[in-house]
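The values are calculated or read from the model by the stated rules, or taken from the named source; none is laboratory data. Not measured: the values here are computed from a predicted model. Heads up, the Cβs are rebuilt from the backbone with ideal geometry, glycines too, and the neighbour counts pull from every protein chain shown.
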Amino acid sequence: MPADAAVSVRGLRKAYGKVEAVKGVDFEVRPGEVFGFLGPNGAGKTTTISMLCTLVNPTGGSATVAGHDVVKARDEVRRNIGLVFQDPTLDGYLSAEQNLRFHAELYGVPKAAVGDRIRKVMEMVALWDRKDAKVNTFSGGMKRRLEIARGLLHSPRVLFLDEPTVGLDPQTRSAIWGYINQLRLVEDITIFMTTHYMDEAEYCDRIAIVDHGELVVIDSPEALKASVGKDRVQIQTADDTAAIKALRERFGLEAAVHEGAVTFAVASGEEFVPRLFAELGMPITSVSVSRPSLDDVFMSYTGSTIRDAEAGADNMTTWMRAMARR
Ligand code: ATP
């Protein structure tokens, strides 16, 4: 394992009974990177991040965070990481500042440094003027910002963010990304985040796509999109099955229904569309052409769009979690 990697993972596995949540993944995160773990619900993102944060014990393999082994050196790992998880863990009856003071004490931040550090992290997420307000008066977005500030308070080397913007409106999501991007300019930190928002993965230096507990591909968003190289065409017709058959027979194209439209990939979408209308042999009611996006990357590597994959995984995940709580 490279000595200077912020996170290094080898053959990491986690099984919950018969469910193999993470099936042996290998990857490295470089210091200073914003690294995204991208995948549909139930892909194994939270389980992976939980193992790296020492909250869940691996079934197999190994991992280091900031140079420390997540099983053999849990305390060192914990001292070096900040955590922002999906479920808020702030105390609503305390003020924003009191929440941070409590955290500073838990993490042993030197008393003389606490005041300055609290001010710095709260200013970073634009909450300093609300420091005395009780947290239960905060909006969802403000709470998430405060959690990010708290995750940074003890100057961690690696900040783990599990779906940092889930459930937030688009404006707040983009504000949070503003803070995350600013963060790397002012703090010497590596950011490891999970998301199932394709647009957010674009902000990452590199992303790992995970599906069914396996790492499918890992690279920069640009390189991944370039690797797909084809435009995505989606058409609406009165008979999807006949359209898929006609696409195969007349053009040699493999199409499938994704998100309610017949979808396929061609090298140059705009040039292909006139031919499509002329030669498909059936009416097309609408057509759209898009350049490769991370969605297409996901589709080209996994065979389904992330939304299709989620629709299938959602029911299973909810059911399995309900069973696990029993
Ligand atoms: P989401 O985006 O919904 O959080 P995820 O990619 O983070 O999904 P995980 O939460 O890691 O996925 O779940 C991966 C698989 O492991 C799922 O099939 C899930 O049902 C299962 N799983 C997770 N935690 C447990 C548990 N405590 N007990 C049993 N099964 C679990």
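Here are a few things to note about the model shown:
- Listed by position, the helices (runs of 4 or more DSSP H) enclosed by segment 1-116 that each have at least 3 residues that are surrounded by fewer than 18 Cβ atoms within 10 Å (Cβ to Cβ), more than 16 Å from the ligand (Cβ to nearest atom) and in the same structural domain as residue 189 (by TED's automatic domain parsing) are 74-79, 96-106.
- Entirely in segment 248-318, the strands (runs of 3 or more DSSP E) that have 1 or more residues that are surrounded by 19 or more Cβ atoms within 10 Å (Cβ to Cβ) and not assigned by TED's automatic domain parsing to the domain that holds residue 207: 261-266
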